[in-house]
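Novice: One structure, pasted below without further comment.
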Amino acid sequence: MMRLTRLIKFETRIVVARVSEEIRKATIYLNPEFAKRCGIKEGDVVAVSRGNRGLRFRVKLLETAPEDGGIIPNSIFSNFLADFESFKSFRADIELSEGDESTEEDVIRIIMQRK
Amino acid sequence: MICTGCSCLCDDVEIAEGKILNACERGYRHISKYMENRAKPAVEGKEVDLDRAIEAAIEMLKSAKNPAIYGLDTSTIEAQKTAVKIAKKLNCYIDDNSSFCLGEFVEAILRKELPSSTLEDVRDKAYVIVYWGTNPYHSLPRHLSRYSYYPRGAKRQRGYDEDRYLVVIDIRKTEIAKLAKKNAKFIKVENDLELVDSFMKALDGKAGKYDVAGILREMKKADFNVVFGGLGLKYGLRGNFKAFIELLRNINKFAPLYFIPSGFHANMRGFNETLFEAVNAVNSYSFSSASSSPEFAFTELLKREKIDTALIVGTDPIASLPYEASSKLPKIKKIVVDPRKTLTSRIAEVVIPSAFSGIESGGEMVRSDGVRIKLKPIASSEFDDVYVLKRILEGL
Ligand code: SF4
C-alpha cells in the first residue's frame, strides 16, 4: 500500500558535518522525531532537492541531528547540494522516493555532463 | 609514531606486535588502511610509469596559460615549500582548503590580532573551554581527552566537573553539547553575530538575546580561558571577522581568553605558515599579481573560469567543493598528486601517486595550535610529495 507521505514534500534544515562512518553512498541522518512527523523510517530512500539539484539518500536516524531536519556527512553528496553561502547548513525539500540512493558515480556523471 | 589523521597530530600512537595502540577510530582507520585504494601513475586514463606521468605533468604545466596549485594540507612543510617554489617559477596562483576553511583565523593569529596559545597550556591551565561551531567528537576525536576538557593539568588537578567549565555553541545538540551538564553551558545558536552582540552587551552589563553573563563571570575566575573555533563559527560570522576579533579583544580586557582554530586537515596550518613566511599571506596568492585576494582562492578561480590547469596535491576537489566550483573542474586540465585514488583522479588528465605523510614519509607538520611536529614514519616509499614536486620543479 502506498504511504500517504510519499506524496508530500517537507522543508528541512540540512547540517553538513563529519560522521565517524566512511560514506560511499548517499546517506542522510534524520532526527528521529522529525522523521516520524514526516512519516519517514530508517532504511527509506528520500529525494533531497535544492533548486534544480537533487539526489536520493538512504535514511538513518540520529539523536544529534537537528530537530527540524538532518545531517548529511561532508562528502560529494553534501557538497553537490551546498553552495558557498550555505556551506555548513542549508534548507532543502525532502520527500520519500523510489529506487536506490545516489552513488558517487551518479554525481560525477552529472558534473561531467555539464562540460 | 605521529598520527596524521587530523590536526591533533597525536604523538603517542604506537605500533606494537602489529597492533595500533592509542589511536582513535579515525586514526586507526587512517593508519591501518594506508595500503588500500592506492593511486597508480596514469596519463589520459592509461596507466604509465611514474617518470612518464611526471613528464606529462611538466609538459602540461609548461604549456598552461593560467595554472594554479591547490591542496597540500596533508603534505609536509618540505613539500609545501617546494610547491611554493613551483608557483613562483610558474608565476601562478597557489591556494589550499583554508581559503574556505579556517584560514582567516590562522591569519589573525599570525598577525597577532587574536591571542593564541598551545594545547599543552590549555591542558595545564584552561578553566573555561568554549567550543564554538566545532564538533571535535568526529573531526578531532582525541581533542577533549588529550588536550582540553578531560585531562588533569598542572594547574587543573581536580577533574573536569570541578576544574573546567565547558561551553558548547552550536546550531544543534552535538555529541559534545550533551557533555554540557554540570559546570557547563550549551548555547543553541541561531545567529552567531547576535551571540557576539550578546557577549558585547554583557560586558557592558546589559542583556542581549543570549544569556552569556554567567560565562563571563566564570572566565573572570581564571587566568586562562580558551575558545576553539570551527567552521560553524566561520560561516556563522558571515564574513564579519572583525566583530569576533573585537569581541576577543574586549573580553581580554576583563579576563584572559585565547583562541585556537579547531577542525582541519593535518597540516593546513603548516600551509598557512609556509606561505606566510614566503609571501606574507596565508592562502589565495597570485605570484603574477604579487598579492593575495579572495578572488585568487582556487574556488573563485574555478567559478570565474580564470584557470586552465591545476596541480592538485592531496585533496579531492570534485568531492569537497560546492557544485558552483566542482562543476567547473571538467573544463580545466588536472594533475593529481595523491597517495590514494580519489574521485578527482578519476577525471584527471595526469595522476601521480605519492606516499602518506607520517606513515611512509617523514618531514614536519604544524599542529592546529602552531606547534611544529617531526613525523616518525613507520614504513618507507621510493617517492613522496617532496620527490614528485622537486622533479616537477626541476623539469620546469
Ligand atoms: S585524534 Fe587525530 S591525530 Fe589523534 S589519533 Fe585520532 S585521528 Fe590521529
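Novice: Out of the stretch B:62-108, which residues are open to solvent by 40 Å² or more (accessible area, probe 1.4 Å) and assigned to a loop (DSSP other than H, G, I, E, B)?
Specialist: Across the stretch B:62-108, the qualifying residues are B:Lys65, B:Asn66, B:Thr74, B:Asn91.
Novice: So which of A:Glu104, A:Glu67, A:Glu63, A:Glu95 ends up being surrounded by 15 or more Cβ atoms within 10 Å (Cβ to Cβ) and more than 14 Å from A:Ile23 (Cβ to Cβ)?
Specialist: On inspection, the qualifying residue turns out to be A:Glu95.
Novice: Contact list please: Cβ distance under 6 Å, first residue in the stretch B:114-128 and assigned by TED's automatic domain parsing to the domain that holds B:Asn225, second residue among the small types (Gly, Ala, Ser), pairs at least six apart or on different chains.
Specialist: B:Leu114/B:Ala108; B:Val122/B:Ser148; B:Arg123/B:Gly153; B:Asp124/B:Gly153; B:Asp124/B:Ala154; B:Tyr127/B:Ala222
Novice: Something else: Name every residue in the stretch A:15-53 that is within 14 Å of chain B (Cβ to nearest Cβ) and without any contact (Cβ under 8 Å) to a residue 24 or more places away in the chain, in order of residue number.
Specialist: Hits for the stretch A:15-53 are A:Ser20, A:Glu22, A:Gly51, A:Asn52.
Novice: Something else: Say whether the condition of being under 18 Å from the mean Cα position of the chain (by Cα) and open to solvent by 20 Å² or more (accessible area, probe 1.4 Å) is met by at least one residue in the stretch B:320-334.
Specialist: Scanning the stretch B:320-334 turns up at least one residue that is under 18 Å from the mean Cα position of the chain (by Cα) and open to solvent by 20 Å² or more (accessible area, probe 1.4 Å).
Novice: While we're here: Which count do you get for residues in the stretch B:3-30 that are more than 8 Å from the ligand (Cβ to nearest atom) and away from chain A (no Cβ under 14 Å)?
Specialist: 10
Novice: For the stretch B:118-129, what are the residues that are surrounded by fewer than 24 Cβ atoms within 10 Å (Cβ to Cβ) and within 28 Å of A:Phe87 (Cβ to Cβ)?
Specialist: B:Leu119, B:Ile129, listed by residue number.
Novice: I'd like to check something: does the stretch B:45-61 contain any residue that is open to solvent by 30 Å² or more (accessible area, probe 1.4 Å), more than 9 Å from the ligand (Cβ to nearest atom), under 15 Å from B:Ala379 (Cα atoms) and touching a strand residue (DSSP E or B) at 6+ places or on another chain (Cβ under 8 Å)?
Specialist: No, the stretch B:45-61 has no match at all.
Novice: To continue, here is another question. Scan B:Gly239, B:Gly214, B:Gly232, B:Gly208 and give me the residue that is open to solvent by 10 Å² or more (accessible area, probe 1.4 Å), in contact (Cβ under 8 Å) with a residue 60 or more places away in the chain and assigned by TED's automatic domain parsing to the domain that holds B:Leu144.
Specialist: Every option except B:Gly232 fails the conditions.
The values are calculated or read from the model by the stated rules, or taken from the named source; none is laboratory data. None of the values given here were measured: they were computed from a predicted structure. Cβ coordinates were reconstructed from backbone atoms using ideal geometry, including for glycine residues, and neighbour counts include every protein chain displayed. We work out accessible area using only protein heavy atoms, side chains counted, and drop any ligands, DNA or RNA first. Shrake-Rupley method; radii C 1.70, N 1.55, O 1.52, S 1.80 Å.
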